[in-house]
1. Can you confirm whether A55 is within 21 Å of I80 (Cβ to Cβ) and in contact with a Pro (Cβ under 9 Å, 6 or more places away or on another chain)?
2. I'm trying to understand the selection: among the residues of the stretch 29-48, which are within 14 Å of the chain's Cα centre (by Cα) and either surrounded by 14 or more Cβ atoms within 10 Å (Cβ to Cβ) or hydroxyl-bearing (S, T, Y) (or both)?
3. Restricting to the stretch 10-42, name every residue that is closer than 22 Å to V63 by Cα and either in contact with a Gly (Cβ under 9 Å, 6 or more places away or on another chain) or of a type in the set (D, E, K, R) (or both).
4. For a quick check of your reading: which helices (runs of 4 or more DSSP H) sit entirely within the stretch 8-100 and have at least 2 residues that are modelled with pLDDT of 85 or more?
5. So in the stretch 49-78, with the set limited to residues that are of a type in the set (S, T, N, Q) and without any contact (Cβ under 8 Å) to a residue 40 or more places away in the chain, which one is nearest to F16 (Cα to Cα)?
6. Could you give every pair whose Cβ atoms fall below 7 Å, whose first residue belongs to the stretch 21-48 and is under 21 Å from F76 (Cα atoms), and whose second residue is of a type in the set (D, E, K, R) and at pLDDT 85 or above, counting only separations of at least 6 or pairs across chains?
Amino acid sequence: QMLSLRSLEAHKDFFFKYYPFVLANAVYSAFYYLCPGSRHLYTKAFRRILYLQIAQLLTGLDVCPTTVQVLRAQLFPDEIIEDEGDNEQSDGLPPLPHAQ
């Protein structure tokens with residue numbers, strides 16, 4: 001049956017495992033395409049921080065960054081290949097320009 005408790009539990013686990021990463025990817029894409037003037041700020045570090053923060057917000061737990069990276073690698077293997085191609089040393093966001 002579609003509405004059995006076992007089936008519902010499996011769907012709930014699937015949803016909470018993958019939804020934060022799908023949402024983070026959607027947020028990153030929205031920033032990238034809707035704010036093209038700020039694309040220089042959307043670095044690999046920004047993407048990693050975004051995945052981590054959304055996973056923490058939706059689960060309500062302090063999520064280990066390594067866990068987030070492993071699940072991200074399973075969901076988006078193309079991004080991991082891109083990250084390995086770039087040797088970006090910074091783990092932080094770029095500094096914002098000072099307003100004059």
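The values are calculated or read from the model by the stated rules, or taken from the named source; none is laboratory data. All values reported here derive from a predicted model rather than from experimental measurement. Glycine also receives a Cβ, built like all others from the backbone with ideal geometry; neighbour counts cover every protein chain displayed.
1. Details: within 21 Å of I80 (Cβ to Cβ): yes; in contact with a Pro (Cβ under 9 Å, 6 or more places away or on another chain): yes.
Yes.
2. Within the stretch 29-48, the subset within 14 Å of the chain's Cα centre (by Cα) is 29-32, 42-48.
Result: S29, F31, Y32, Y42, T43, K44, A45, F46, R47, R48.
3. Matches in the stretch 10-42: K12, D13, K17.
4. 44-59, 65-75
5. Our first condition is that a residue be of a type in the set (S, T, N, Q); within the stretch 49-78, this holds for 53, 56, 59, 66-67, 69, 74.
Those still in the list that are without any contact (Cβ under 8 Å) to a residue 40 or more places away in the chain too: 53, 56, 66-67, 69, 74.
Values: Q53: 15, Q56: 12, T66: 18, T67: 14, Q69: 16, Q74: 15 Å.
This residue is Q56.
6. Y28/R47; Y32/R39
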